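Read through the structure below, which is laid out as structure tokens, and then see the notes.
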Amino acid sequence: MKHLIFIVLILNAMTAHGEQCSEVPATLCEPAVKALQSVVLSKEDQLEFMRGYRFGYLQYLIDDGSLMSVKPEKSPFVLGFHAAMQYSKNSGKQNAIVNIGLDSFGYKPIEGVGKFTLGFEMNYFTPENGEPSWCQRFPKAVRKKYSKIIDDKRLLKIKGWLSPIGLYGHMGSCQYEVVINELSELK
């Protein structure tokens with residue numbers, strides 16, 4: 001009987017936070033709601049907080065060094081972003097990757113061949129098959145490992161994760177982003 005009551009309590013809590021948790025993967029719902037309870041926000045601002053939380057956790061997971069552009073301020077999105085970063089740091093990178101991967105955010109594994117376009121505030125991967133360019137992101141460790149072969153003259157094979165459709169990159173210039181985990185030269 002105790003187990004049944006416990007299960008009912010968990011289901012009630014999930015239902016109570018359902019709208020708020022629609023912005024984050026289910027496994028992030030509890031820490032996100034806990035962080036949300038520490039601030040007083042309107043219903044619309046609560047959703048912005050949760051969107052910021054989702055974005056902050058995703059940034060932490062990818063770890064590409066692009067976090068400096070979000071400065072501390074009082075907007076609900078930025079408050080959520082910083083709450084997720086704090087949770088991520090406290091829970092540890094290994095724990096984060098095991099429990100919540102890019103697939104939890106709608107990213108799909110991908111392999112492809114194409115070329116890079118590298119520039120200031122715009123870095124693209126253009127698939128050889130003629131698809132539109134994807135904004136590309138490298139986790140710091142991957143960028144360091146493959147820095148010698150990344151240029152805009154070579155055809156390279158990639159393995160990584162392709163985002164769901166959205167607005168990515170500088171000023172939303174791409175419909176997709178690819179998070180690259182492995183690179184190899186074509187011989």
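The values are calculated or read from the model by the stated rules, or taken from the named source; none is laboratory data. None of these values were measured; they are calculated from a predicted model. Glycine gets a Cβ as well: all are built from the backbone with ideal geometry, and neighbour counts include every protein chain shown.
The condition of being surrounded by 14 or more Cβ atoms within 10 Å (Cβ to Cβ) and more than 18 Å from the chain's Cα centre (by Cα) holds for only one of G119, G112, that being G112. The test for being among the polar types (S, T, N, Q) and surrounded by 12 or more Cβ atoms within 10 Å (Cβ to Cβ) does not hold for S147. Close Cβ contacts (under 8 Å, 6 or more residues apart or on different chains) running from residues in the range 82-105 that are of a type in the set (D, E, K, R) to residues that are at pLDDT below 80 and not in a helix (DSSP H, G or I) comprise K93/D63.
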